[in-house]
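To start, the structure itself, in structure tokens.
The numbers here are math on the coordinates, done by the rules we state, and not lab data. The structure displayed is predicted, hence computed values, not measured ones. No Cβ is skipped: glycine too gets one built from the backbone with ideal geometry, and neighbour counts run over all protein chains shown.
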Amino acid sequence: QVQLVESGGGLVQAGGSLRLSCTASGPIFSWLTMGWFRQAPGKEREFVAAINRGFGGTDYVNSVNGRFTISRDNAANTVYLQMNNLKPEDTAIYYCAAYTQGNWVEGRKRISSYDYWGQGTQVTVSS
């Protein structure tokens, strides 16, 4: 099975930047659609970004579009989330996730599409 290990969370002031990393072990990384989700205190987990397993297409939740960038390095079995111009409302636990089957167009934003999850990494943005 796939195991996901996240790193890169921390405390940053509003307007600052962080880069999250997620390294996968298990099946060939290039087979995996990769996503990032986040969960703020008292809130449900929400979709943040995803990157396609093949051609590298990406999608973002509207609130981060233009500020966050998802990318992948298949040789390193790693997906990244570069977060710029961070805002206090970005404060959450960020989770890396992956799935091996499913439709890109319909499934990339759905929690139920993802088969594997990391442990989460805390991102705190102070005002």
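At a glance:
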item: Extension reserve of the SER30-ARG67 stretch, reckoned as 0.36 nm per residue once the Cα distance is removed; result: 10.8 nm
item: Cα centroid separation - segment 3-50 against segment 81-106, whole Å; result: 5 Å
item: Segment 20-103: GluC sites (Glu not before Pro) in DSSP loop, at most 14 other beta carbons within 10 Å; result: GLU44
item: Förster radius 25 Å - calculated FRET efficiency between THR124 and THR58 (Cβ-Cβ, nearest 0.05); result: 0.50
item: Contour minus Cα-Cα distance for GLU106 and ALA76 (0.36 nm per residue); result: 8.1 nm
item: Distance histogram for the chain (every C-alpha pair counted, 10 angstrom bins, percent rounded to whole numbers); result: 14, 49, 31, 6, 0
item: DSSP-loop chymotrypsin sites (Phe, Trp or Tyr not before Pro) across segment 1-96, with at most 14 other Cβ within 10 angstrom; result: PHE55
